[in-house]
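The values are calculated or read from the model by the stated rules, or taken from the named source; none is laboratory data. Keep in mind that this is a model prediction, so the values were computed, not measured. Neighbour counts run over all protein chains shown; Cβ positions are idealised from the backbone, glycine included.
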Amino acid sequence: MTDKPTLSDWSALAAKEVKGRDLTWHTPEGINVKPLYTAEDVAGWEPGLPGFAPFTRGVRASMYAGRPWTIRQYAGFSTAEESNAFYRRNLAAGQKGLSVAFDLATHRGYDSDHPRVVGDVGKAGVAIDTIDDMKILFDGIPLDQMSVSMTMNGAVIPILAFFIVAGEEQGVDRKLLDGTIQNDILKEFMVRNTYIYPPEPSMRIISDIFGYTSREMPKFNSISISGYHMQEAGATQVQELAFTIADGAEYVRYGVASGLDIDKFAGRLSFFFAIGMNFFMEVAKLRAARVLWYRVMTKLGARDERSKMLRTHCQTSGVSLTEQDPYNNVIRTTIEAMAAMLGGTQSLHTNALDEAIALPTDFSARIARNTQIVIQEETGMTKVVDPLGGSYYVEALTKQLVDAAQEIIDRVEAEGGMAKAVAAGWPKAMIEEAAAARQARVDRGEDVIVGVNKYRLANEDLLETLEVDNTKVREAQIARIERVKAGRDEAKCQAALDALRKGAAGPATIENNLLALAVECARARATLGEISAAMEESFDRYGTVPTPVKGVYAAPYKDDSRWDQVVNGVKAVERRLGRKPKLLVAKMGQDGHDRGANVIASAFGDMGFDIVSGPLFQTPEETVVLALESGVDVVGASSLAAGHKTLIPELIQRLRDKGRSDVKVIAGGVIPPQDYEFLRNAGVQGIYGPGSNVVECAADVLRLLGHNMPP
Ligand code: SCD
């Protein structure tokens, strides 16, 4: 008998096979993944059993063997009628829970008749202005039987009030309402940007919701503490994990400071993570999240085990999907869905294959939903609890992620918690640096994206996408707002709004609970815009100007000849103009997705352009004023929420009206190829969809500025 091979025997053999090449994978989160894991890597690590603290292997003892996760597809567009019909079709086809996507006007607390939201109504979600819209949205869907998630953070008070009153008017006691409200404002200030009020009153709103729901709605999850949007904005998994858990700790502290007993509300806090393409890292991330939350909550004084149990929703990654060769997205989403379930999620959304360019059609929504149904019903994967438990790699990675995230959490805590860290701005900067670094790796082909920077198709077939006639939706909404206002008892409505105004101006007491006061407003038929404005009088509206990170995009391009050509091109234009060529990166409408805009601003800045980073939420008129005041040569409009066909043509027209058609307008973001011709006819001189190489975009801009750029 020969001796059993040892680890050093394996090392020697592997080194011989690869001729000494280092096989360590240095991941963007700074974790060094080795090519082999053994029992040595997990010595001393004890994952425990599912259903028991610290819940590494899952929050339920029986997990999916007892009950599979909830298939919960996030959807909403156009009017309440259209979205309701879409929900009903999906439920009939096997979806288990609802998840409402609101349009950006609603998110930002504006009624559909507000002049700032002309391009946004009904576009990236459903338009909700009044309780009547909310009732139509759930028509024929019994709210005591269906769990409903609502992704709302800014206008969370009126939306939750409408939901409660819609239940009431269906005959459902609010004690029976089951669902989740996102209500996570810290990550809005960090990455998602659909805030309305400044941080301090926004945190009061959250405590008020914790207070109200813990007293009145025992089945309702009062928050969905979200890392999803951080990963979408470019965060590494460690950053996503750490900042999300730290956000959770901060909310708990605010809840306790507002006088609540931790165990009265903590059991109804829930989480939300993104699941990207790094399969095992994502599995380990969910396991690590549960361990970290258990630790944090024990430290914060929770006694009930349910308060320390991290229950989560997951969504497959939107940014991992591509406009090019879009059927690859089905494959990506399937892999990500498997990571989510193997990580032990409670609820899951799988993205549709056309996610990178538009809202899902019935066709693409069916494939997305069936991805989950097939995993649940055909594969047998649900029969065993935590089937990857005990994998040396997964357990070791879980431990490494716990340790790496804990370091960041400790830094946040040492600096006084997440609200302070967000105000200081370093988490956002950290995420933006990770985003710029990722973009550079993709543009340089170091991170492969099949069909984009490798194996690209010579010709792409056009996908049929869903188009919302935004003008029609807006007109229908305005007509309904008018009907509701005409039919209400005006004095009663104004009295309810006055009480809310006073409550917002006063201290955060039970009598001044903003949600309770808003429920009265909803009953009296006040609109979402009126309820938001009543609070805005005391709270004010919040705004920021982006500050792009410097040097991160450029770093890997040292000694790159194409980069040098572009940088020299910028210098040549600079010599000709007597100043640097100037680009305004503009965000118009209520679309706060700013990862693309920030990456472009950083990268173009690094190439030598003079950058003006426009504030979020601008009208075309305000953008023209800023462009002309700053004397820019080019306006780059970044659009990710389908407002491009309304807002960009208006911008160009306004430039023409001012006699400044010499200012070039280019567009980037989520723009379906079907719209390219429309935009070109409107005067757009360059269009850069998802998957565009930023260095080549800059080369194009130099051509627009008259520089003879080689191909
Ligand atoms: C579960 N149950 C079990 C069981 N598993 N009972 C016995 N045995 C088992 N094995 C019970 C649970 O205890 C619970 O009952 C009930 O079944 C439902 O299970 P759940 O696990 O609580 O699942 P669910 O109701 O779906 O809730 C999941 C979350 C919830 C807790 C995570 O918060 C949620 O649904 N979140 C969804 C969030 C969301 O959809 N967000 C979309 C974001 P009890 O309740 O009685 O205990 C979209 C977004 O932001 C997109 C990007 C963007 O817009 O920018």
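Among the residues here, PRO28 does not qualify as touching a Phe, Trp or Tyr at 6+ places or on another chain (Cβ under 6 Å) and part of a loop (DSSP other than H, G, I, E, B).
A single member of ARG654, ARG660, ARG703 is surrounded by fewer than 24 Cβ atoms within 10 Å (Cβ to Cβ), among the charged types (D, E, K, R) and without any contact (Cβ under 8 Å) to a residue 24 or more places away in the chain, and it is ARG703. Checking each residue in region 502-525 for being surrounded by fewer than 20 Cβ atoms within 10 Å (Cβ to Cβ) and charged (D, E, K, R) picks out LYS502, GLU511, GLU520, ARG523. Just one of the numbered conditions (1) among the acidic types (Asp, Glu); (2) under 29 Å from MET535 (Cα atoms); (3) more than 16 Å from the ligand (Cβ to nearest atom) is not true of ASP103: (3). Within region 31-69, the set of residues being within 16 Å of the ligand (Cβ to nearest atom), under 24 Å from GLY276 (Cβ atoms) and either among the aliphatic types (A, V, I, L, M) or outside any helix (DSSP H, G or I) (or both) comprises PHE55, ARG57, GLY58, VAL59, MET63, PRO68, TRP69.
Here is a yes/no grid of residues against (1) modelled with pLDDT of 95 or more; (2) more than 21 Å from THR471 (Cα to Cα):
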| residue | (1), (2) |
| --- | --- |
| VAL634 | yes, yes |
| ALA641 | no, no |
| LYS645 | no, no |
| ARG654 | yes, no |
| VAL663 | yes, yes |
| ALA667 | yes, yes |
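Residues in region 443-496 that are surrounded by 16 or more Cβ atoms within 10 Å (Cβ to Cβ) and at positive phi: GLY451 alone.
Can you tell which of GLN182, GLN145 is closer than 23 Å to SER270 by Cα, touching a residue at least 60 places away in the same chain (Cβ under 8 Å) and within 13 Å of the ligand (Cβ to nearest atom)? None of the others qualify; the one that does is GLN182.
Inside region 572-593, residues that are crowded, with 24+ Cβ neighbours inside 10 Å and within 16 Å of the ligand (Cβ to nearest atom) make up a count of 5.
Restricting SER538, SER602 to those that are touching a residue at least 24 places away in the same chain (Cβ under 8 Å) and surrounded by 21 or more Cβ atoms within 10 Å (Cβ to Cβ) reduces the list to SER602. Somewhere in region 270-282, is a residue outside any helix (DSSP H, G or I), out of contact with any strand residue (DSSP E or B) (no Cβ under 6 Å at 6 or more places or on another chain), under 24 Å from VAL156 (Cβ atoms) and more than 10 Å from the ligand (Cβ to nearest atom)? The answer is no; no qualifying residue exists. Suppose we filter region 336-359 for residues that are touching a helix residue (DSSP H, G or I) at 6+ places or on another chain (Cβ under 6 Å) and at negative phi; how many remain? Number satisfying all stated conditions: 10. When only residues in region 1-49 that are among the charged types (D, E, K, R) and in contact (Cβ under 8 Å) with a residue 24 or more places away in the chain count, which is farthest from GLU282 (Cα to Cα)? Going through the qualifying residues, I end up with GLU40.
Where helices (runs of 4 or more DSSP H) fall wholly inside region 76-194, the ranges with 3 or more residues that are of a type outside the set (Gly, Ala, Ser) and surrounded by 24 or more Cβ atoms within 10 Å (Cβ to Cβ) are 104-107, 131-137, 156-170.
Taking only region 432-474 into account, find how many residues are among the hydroxyl-bearing types (Ser, Thr, Tyr) and in a loop (DSSP other than H, G, I, E, B). Residues that pass the stated criteria total 2.
Of the helices (runs of 4 or more DSSP H) lying entirely inside region 322-422, those containing at least 3 residues that are closer than 25 Å to SER147 by Cα and away from the ligand (no atom under 16 Å from the Cβ) span 328-343, 362-378.
Contact annotation: residue pairs with Cβ atoms under 7 Å, 6 or more positions apart or on different chains, pairing a residue in region 240-259 that is touching a residue at least 12 places away in the same chain (Cβ under 8 Å) with a partner that is part of a helix (DSSP H, G or I) and not hydrophobic (A, V, I, L, M, F, W, C), are GLU240/GLN231; LEU241/LYS285; PHE243/PRO427; ASP247/LYS187; TYR254/SER207; GLY255/SER207; SER258/SER207; SER258/GLY211. Note on region 295-314: residues that are buried (at least 20 other Cβ atoms within 10 Å of the Cβ), within 16 Å of the ligand (Cβ to nearest atom) and part of a helix (DSSP H, G or I) total 3. Does VAL118 satisfy being more than 15 Å from the ligand (Cβ to nearest atom), at negative phi, within 28 Å of the chain's Cα centre (by Cα) and of a type outside the set (Asp, Glu)? Taking the combined requirement at face value, the residue satisfies it. Just one of the listed residues (GLU378, GLU407) is closer than 21 Å to THR316 by Cα and either surrounded by fewer than 20 Cβ atoms within 10 Å (Cβ to Cβ) or small (Gly, Ala, Ser) (or both), and it is GLU378.
For region 597-711, the strands (runs of 3 or more DSSP E) that sit wholly inside it and include 1 or more residues that are closer than 22 Å to ALA124 by Cβ, among the hydroxyl-bearing types (Ser, Thr, Tyr) and out of contact with any Phe, Trp or Tyr (no Cβ under 6 Å at 6 or more places or on another chain) are 634-639, 686-688. Checked against the criterion of being basic (Lys, Arg), touching a Phe, Trp or Tyr at 6+ places or on another chain (Cβ under 7 Å) and either under 29 Å from GLU650 (Cβ atoms) or modelled with pLDDT of 95 or more (or both), region 112-131 has at least one qualifying residue. Filtering region 7-21 to residues that are surrounded by fewer than 10 Cβ atoms within 10 Å (Cβ to Cβ) and part of a loop (DSSP other than H, G, I, E, B) leaves LYS19, GLY20, ARG21.
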